[in-house]
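Report on the following structure.
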Amino acid sequence: MASAFDSAGLRRARFARRVPAGLSALAGPRHGAVSLPLHLAWSGLRDFDLDQPRLRVSCYRIVLAEGSHDDLVEYLNRDLLLAMWPILRTLISRDIRDVWESSFDELKELDD
């Protein structure tokens with residue numbers, strides 16, 4: 001049976017494979033309505049208004065947790081991610097947070 005450390009390492013490796021090469025690759029919408037496909041939002045709300053902060057955070061949480069590399073690039077926006085990161089980082093799993101902050105110094109610096 002895998003230890004807790006092995007499980008955490010496997011989860012982090014899975015998230016790390018999805019991360020884009022740079023935050024500049026995140027070219028998703030900044031405003032308006034976004035409808036997430038079923039493979040991302042398979043339970044509950046699928047339509048989000050990015051102009052409403054709570055819905056924007058919910059959308060980003062789902063995409064970060066469930067999205068493939070292509071989903072991250074399509075639905076996340078670099079500027080929105082940077083603006084929301086201080087709050088968003090407290091609402092996502094430790095594994096996702098650690099992978100993204102170790103991949104992008106811009107995110108790590110927002111926590112300092």
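The condition (being touching a strand residue (DSSP E or B) at 6+ places or on another chain (Cβ under 7 Å), under 20 Å from R94 (Cα atoms) and not basic (K, R)) is satisfied by just one residue among S58, S35: S58. Scanning the stretch 66-82 for residues that are exposed (fewer than 14 other Cβ atoms within 10 Å of the Cβ) and either of a type in the set (A, V, I, L, M) or more than 18 Å from L55 (Cβ to Cβ) (or both) yields S68, H69, D70. What are the residues in the stretch 25-68 that are at pLDDT below 95, among the small types (G, A, S) and over 14 Å from the mean Cα position of the chain (by Cα), if any? Residues satisfying the conditions are S43, G44. Taken over the stretch 38-55, the residue count meeting the criterion of being under 20 Å from P86 (Cα atoms) and touching a strand residue (DSSP E or B) at 6+ places or on another chain (Cβ under 7 Å) is 2. For the stretch 14-48, the tally of residues that are open to solvent by 50 Å² or more (accessible area, probe 1.4 Å), touching a helix residue (DSSP H, G or I) at 6+ places or on another chain (Cβ under 7 Å) and not aliphatic (A, V, I, L, M) stands at 2.
The values are calculated or read from the model by the stated rules, or taken from the named source; none is laboratory data. Computed from a predicted structure; not experimentally measured. Using ideal geometry, Cβ is built from the backbone for each residue, glycine included, and neighbour counts are taken over all protein chains shown. In case anyone asks, the SASA skips ligands and DNA or RNA and just uses the protein heavy atoms, side chains included. Shrake-Rupley method; radii C 1.70, N 1.55, O 1.52, S 1.80 Å.
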